[in-house]
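> Right, I'll just put the structure down here and ask away after.
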Protein chains: 2
Amino acid sequence: MKYSIGIDYGTQNARAVLVEVGSGKVVAGTEQSYPHGVMESELPSGKKLGPDWAIQFGYDYYKMLVLSVRDLINQSRVDPKLIIGIGIDTTSCTILPLDSQLEPLNEQNVFKNNPHAYVKMWKHHAAQGQANQLNKIAEKEKMPFLKRYGGKISSEWMIPKIMQIVEEAPEVYDAAAYFLEVGDWLVSKLTNHLVKSNVMTGYKAIWSQPEGYPDASFFSLLNPKLNNVISEKLNVPILNVGNCAGFLTADIAKDMGLTQQTAVAVAHTDACVVPAAIGMNRAGQMAMSIGTSTCHLLLGNEEKIVPGICGMVQDGTLPGFISYEAGQASVGDVFHWFVQNCLNSEFSKEASEKGIDVYQLLEEKAQKLKPGQSGLVALDWLNGNRSVLVDVDLSGMMVGLNLHTTPEEMYRAFIEATAFGTRKIIKTFETYGVPVDELFACGGISTKSPLIMQIYADVCHKEIHVSNLPQTSAYASAIYGATAAGASRGGYDKIADAVGVLGNHEKKAYTPIPENTRIYDALFGIYEEMHDFMGMQSNAMKKLKEIRKEMGGA
Amino acid sequence: MKYSIGIDYGTQNARAVLVEVGSGKVVAGTEQSYPHGVMESELPSGKKLGPDWAIQFGYDYYKMLVLSVRDLINQSRVDPKLIIGIGIDTTSCTILPLDSQLEPLNEQNVFKNNPHAYVKMWKHHAAQGQANQLNKIAEKEKMPFLKRYGGKISSEWMIPKIMQIVEEAPEVYDAAAYFLEVGDWLVSKLTNHLVKSNVMTGYKAIWSQPEGYPDASFFSLLNPKLNNVISEKLNVPILNVGNCAGFLTADIAKDMGLTQQTAVAVAHTDACVVPAAIGMNRAGQMAMSIGTSTCHLLLGNEEKIVPGICGMVQDGTLPGFISYEAGQASVGDVFHWFVQNCLNSEFSKEASEKGIDVYQLLEEKAQKLKPGQSGLVALDWLNGNRSVLVDVDLSGMMVGLNLHTTPEEMYRAFIEATAFGTRKIIKTFETYGVPVDELFACGGISTKSPLIMQIYADVCHKEIHVSNLPQTSAYASAIYGATAAGASRGGYDKIADAVGVLGNHEKKAYTPIPENTRIYDALFGIYEEMHDFMGMQSNAMKKLKEIRKEMGGA
């Protein structure tokens, strides 16, 4: 029996699993928090950060991996020699500046107090000005890459983040030998092979297999100092996911209690790694990872230009397919906000009397409502709109309130809004020639809330298969770890082979209920009207945000 | 020293005051509830009422008056001989069918179990079908009265209510010698003089001094049985408010503990009686009675056609002026709904720790916010829009939600929405040639919430004078009572004289703050965009309500 380790770094913590390679059985699992957490207001020294910052210590990632591996071995009592591979997925775009020895710059005394020397997380949104500037120039220059990204580069991505560093901390830019995604850094460090992933580079760093990066002339328009950014700071070999990046170095193997025969897979992103775990294997299948936000990954055969998607990458999730990514910027976050802010005290009282949490109580109450009964339609843009409008300045909305409106009605309306958002994404793909015919869901919300999944099936008119894996992304990374090891060592030679075995576990199916889809079709019409008016025609939400910022609002 | 009694019948109870006629001092006050309450689901017999019904026992009004008068005398120990007048105001249009002896039909055994024999309150909304039919016919026939009522007759008013009776209970229609507003019935009963008020008739019964009622031919189009409704059922002398209707009959004086020398004023409506109490005396002044809903009364010199107002009546509040009425269907109701449904448990906890109620806590927290800081704009139509869109099918809306939005921000946004609604009404009057240059406010909210009043002043760009009378309408009715008695008995001969003395009490002034008005101008622009799109251009709210009703929603 052979084993593979998968680790999935999220925003708050990392989950790791030890998987039996032949059966897919999860024999151990663990969860570690970032030792220094996420810094959003200040450095440990007390130095203040600006608004919208979110940074971390690079070494936290390494420490959590070591702790996780040791814990998995301890729990399972598995012989480390039988552990043939490690797969890693991280949030993205989460980058850090490194010296030529791949040491994070924040480890140097001179940079300890410089926020730009730390890991900039995906949700660091302080480079919005740079993203706007980049998009303006790219549009003016008619850069062909824009089409691959739905027309806009996000402030979350690599180039705007590097632009912010070069503008605000040129000393950090100058000192950096490399800027890497944190997942790529980990893999490179573990194997002592400098390598990066086609997925992160393709989705988040304006690169594609056929076209490469934009020319130096484009980067010099962004900032003269960026003229040679590709050749000087980003010039690292790119490997496709599903490949082996190398094997653990002696020191690191010892640190972890593993052997040097442990293969390390090319890094993946937490969102894009998922299709392997849930057994996706043909064009037309779409995965939804439903957490605080939702990431949609659609397998396609042909390259089509679809407005408002986050990106498309050849071999970007599973080899042999074009992977289209789309997203909703807030889903679980909306429900969490609602529960924290909008739930009257009767709910907490009733929930504690019944001995259940308020989410369960809300689910119970919302379950009893019929579609349309509340007369409410909401827009789910409380954290902006990622797809298909790609506009962080949009905001949430609720229409149809009356003096009888109840909290459970509003809660259900927000659930429906996120489902309408998904339907809008599916509709956009279909309109632009990329078929979507089967939905898969994973992530905490999909297993915890049958109500939400049924609403999604009803709203989208599609059967949804929900994976009951407790840690889908970590499990998927273990699949990539087993494939990195190869068949000769007891793993798999190809991802498709591994997925055929390990992705083939039981899933719960939700089937659309015809009397609900009829009502949801009518409500979706209203959602679309609001979507188009508030998202494209009116300037109201942008003006409101401007005023909010001017007046010092959150 | 002489005294006058004023009684104000509201939806839940009646407030009465005893006022010293020379000084305006309130020497006693009392409050009585309707003995049978408001019946909205069934009669005492258990007979069920349809949706949107709201009915009462006619005699409850009389009993409450007797109890009130006795309580005022008991409390004050004033010699009843010194009480020279009684003024009465009621909600409107609140009507009842009467026999030829002015006995309510529901007192007859044969009608005890017939809901149509009872008082139909203003908020009885079950005649919407009849109102729609009336409006359709009136439009087709190009009836000139439509213009006086902003283009539409409400389901709350007298003719739709009588249409409902004639259609659903022709036996009640046939048995009725009169249909009267409950205020007119009380005055007629007290004095044994059949008389009705120009205000109720003018605002709610399609009548005006110069034009009278529509012709019989119009009524026969509504229903052949209504052909002679005016001459057979509504043929009662109309007196202007400010006049004396008569004096107490011997029996009633005895019942109340008063003398037969007590003058009774022509009945007024609870909304329209207010300007007297707060000392309004020239064109351009507008009163806002801010309670569960808001009623706006504007004094003008000339008759102008203003779309979306509720009505205009010559001498309708104070003699010598055209009174324009407009309204917002839910104001305090919105805040109440919010507090009941949308306030998280932290609020109740914090409020009880501080020993204040949640409204006070919300006020404290919302007070700390700057205009625009929340990035929110709401539409206050949770009970439809009365002015200027006149559409009960509209609903509430909130735009600009984000993951940091707090309950106090939403609460403040709803307050601002009601202020924007008032500004829209003022703007409409001004656009159609009726100037508004000074605002007066009364009602519980205006005295309880300095925050709300300051927001109104800032949003409307106008100074607001808030009367601190505890019972404005009852006090105003006492002014009418004193005027009914006349100067020879120690009262006043003209309303203007009485108002000059009794309306001249101290008021708290709220002055617009320039840095706030600047932001509110920008936010009002967004409110207007939403108002026009959701209220006129889009059909979304109506469709949502249709679906809500189809699916059995509240």
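> How many residues are of a type in the set (S, T, N, Q) and either part of a loop (DSSP other than H, G, I, E, B) or open to solvent by less than 80 Å² (accessible area, probe 1.4 Å) (or both) if we restrict to segment A:335-352?
Matching residues across segment A:335-352 total 4.
> Okay, moving on. Any idea which residue in segment B:510-536 is farthest from the other protein chains (Cβ to nearest Cβ), counting only those that are open to solvent by 50 Å² or more (accessible area, probe 1.4 Å) and of a type in the set (Val, Ile, Thr)?
Looking at the filtered set, the residue picked out is B:Thr511.
> Is there any pair with a first residue in segment B:130-159 that is without any contact (Cβ under 8 Å) to a residue 24 or more places away in the chain and a second that is open to solvent by 10 Å² or more (accessible area, probe 1.4 Å) whose Cβ atoms are under 6 Å apart and which are 6 or more apart or on different chains, and what are they?
B:Asn135/B:Lys152
> Could I ask something else about it? I'd like the full set of residues that are free of Cβ contacts under 8 Å to residues at least 24 places away in the same chain and outside any loop (DSSP other than H, G, I, E, B), limited to segment B:34-70.
Within segment B:34-70, B:Glu42, B:Lys48 meet the criteria.
> Something else about it: Scan (1) free of Cβ contacts under 8 Å to residues at least 24 places away in the same chain; (2) in contact with a helix residue (DSSP H, G or I) (Cβ under 8 Å, 6 or more places away or on another chain) for the single condition A:Val229 breaks and write down its number.
(1)
> When you go through (1) at pLDDT 95 or above; (2) in a loop (DSSP other than H, G, I, E, B) one by one for A:Ala245, which number turns out not to apply?
For A:Ala245, the exception is condition (2).
> Might you check whether a residue that is within 13 Å of B:Gln56 (Cα to Cα), open to solvent by 10 Å² or more (accessible area, probe 1.4 Å) and either within 18 Å of the chain's Cα centre (by Cα) or in the same structural domain as B:Met256 (by the TED database) (or both) occurs anywhere in segment B:95-104?
The answer is no, given that none of the residues of segment B:95-104 is within 13 Å of B:Gln56 (Cα to Cα), open to solvent by 10 Å² or more (accessible area, probe 1.4 Å) and either within 18 Å of the chain's Cα centre (by Cα) or in the same structural domain as B:Met256 (by the TED database) (or both).
> Which of the residues belonging to segment A:323-348 are polar (S, T, N, Q), farther than 21 Å from A:Glu409 by Cβ and out of contact with any Cys (no Cβ under 8 Å at 6 or more places or on another chain)?
Hit for segment A:323-348 is A:Gln328, nothing else.
> While we're here: Of the conditions (1) modelled with pLDDT of 95 or more; (2) among the small types (Gly, Ala, Ser); (3) assigned to a loop (DSSP other than H, G, I, E, B), B:Ser154 satisfies every one except a single condition; which number is it?
That leaves (1) as the condition not met.
> Okay, moving on. If B:Asn132 meets every condition in (1) of a type outside the set (A, V, I, L, M, F, W, C); (2) buried (at least 17 other Cβ atoms within 10 Å of the Cβ); (3) modelled with pLDDT under 95; (4) farther than 18 Å from B:Ile95 by Cα apart from one, which number is that one?
Of everything listed in (1) of a type outside the set (A, V, I, L, M, F, W, C); (2) buried (at least 17 other Cβ atoms within 10 Å of the Cβ); (3) modelled with pLDDT under 95; (4) farther than 18 Å from B:Ile95 by Cα, B:Asn132 misses just condition (2).
> Follow-up. Within segment A:373-425, track down each residue that is at the interface with chain B (Cβ under 7 Å from one of its Cβ atoms), under 24 Å from the mean Cα position of the chain (by Cα) and among the hydroxyl-bearing types (Ser, Thr, Tyr).
Within segment A:373-425, just A:Ser395 meets the criteria.
> Suppose the filter is within 29 Å of the chain's Cα centre (by Cα), crowded, with 19+ Cβ neighbours inside 10 Å and over 24 Å from A:Gly535 (Cβ atoms); does A:Ile309 pass it?
Here the answer is no, as A:Ile309 does not meet what is asked.
> Right, next: Quickly run through segment A:388-410 and pick out the residues that are hydroxyl-bearing (Ser, Thr, Tyr) and either open to solvent by 10 Å² or more (accessible area, probe 1.4 Å) or not assigned by the TED database to the domain that holds A:Lys370 (or both).
Across segment A:388-410, the qualifying residue is only A:Thr406.
For (1) within 18 Å of B:Met64 (Cα to Cα); (2) in contact with a Lys or Arg (Cβ under 9 Å, 6 or more places away or on another chain); (3) hydrophobic (A, V, I, L, M, F, W, C); (4) without any contact (Cβ under 8 Å) to a residue 24 or more places away in the chain, each residue gets a yes or a no:
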| residue | (1), (2), (3), (4) |
| --- | --- |
| B:Lys189 | yes, no, no, no |
| B:Ser197 | no, no, no, no |
| B:Phe218 | no, no, yes, no |
| B:Leu234 | no, yes, yes, no |
| B:Cys244 | no, no, yes, no |
| B:Ala263 | no, yes, yes, no |
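> Taking segment A:435-478 as the search range and keeping residues that are among the hydrophobic types (A, V, I, L, M, F, W, C) and part of a strand (DSSP E or B), which one is farthest from A:Thr262 (Cα to Cα)?
A:Ile464
> Suppose we filter A:Lys448, A:Lys507 for residues that are among the basic types (Lys, Arg) and either surrounded by 20 or more Cβ atoms within 10 Å (Cβ to Cβ) or over 22 Å from A:Pro371 (Cβ atoms) (or both); which single one remains?
After ruling out the rest, the residue left standing is A:Lys507.
> Also, quick follow-up: Checking the conditions here, which among B:Lys81, B:Lys47 is closer than 23 Å to B:Gly246 by Cα and open to solvent by 70 Å² or more (accessible area, probe 1.4 Å)?
Being closer than 23 Å to B:Gly246 by Cα and open to solvent by 70 Å² or more (accessible area, probe 1.4 Å) holds for just one of B:Lys81, B:Lys47, which is B:Lys81.
> Now for a different question. Can you tell me how many residues within segment B:71-99 are assigned to a loop (DSSP other than H, G, I, E, B) and more than 26 Å from B:Pro44 (Cβ to Cβ)?
Total meeting the criteria: 3.
> Of all residues in segment A:353-372 being buried (at least 17 other Cβ atoms within 10 Å of the Cβ) and part of a loop (DSSP other than H, G, I, E, B), which is nearest to the other protein chains (Cβ to nearest Cβ)?
So the residue we want is A:Gly372.
> Would you pick out the residues in segment B:479-515 that are within 30 Å of A:Glu550 (Cβ to Cβ) and assigned to a strand (DSSP E or B)?
Residues satisfying the conditions are B:Ala509, B:Tyr510.
> Any idea which residue in segment B:537-553 is farthest from A:Pro371 (Cα to Cα), counting only those that are in contact with a helix residue (DSSP H, G or I) (Cβ under 9 Å, 6 or more places away or on another chain), at the interface with another protein chain (Cβ under 7 Å from one of its Cβ atoms) and assigned to a loop (DSSP other than H, G, I, E, B)?
Residue satisfying both the conditions and the ranking: B:Ser538.
> So which of B:Gly320, B:Gly316 ends up being open to solvent by 30 Å² or more (accessible area, probe 1.4 Å), not hydroxyl-bearing (Ser, Thr, Tyr) and not in a strand (DSSP E or B)?
None of the other options fit; the residue is B:Gly320.
The values are calculated or read from the model by the stated rules, or taken from the named source; none is laboratory data. Just so it is clear, the model here is predicted, and its values are computed rather than measured. Heads up, the Cβs are rebuilt from the backbone with ideal geometry, glycines too, and the neighbour counts pull from every protein chain shown. To get the accessible areas, we keep the full protein, side chains included, count just its heavy atoms, and leave off ligands, DNA and RNA. Shrake-Rupley method; radii C 1.70, N 1.55, O 1.52, S 1.80 Å.
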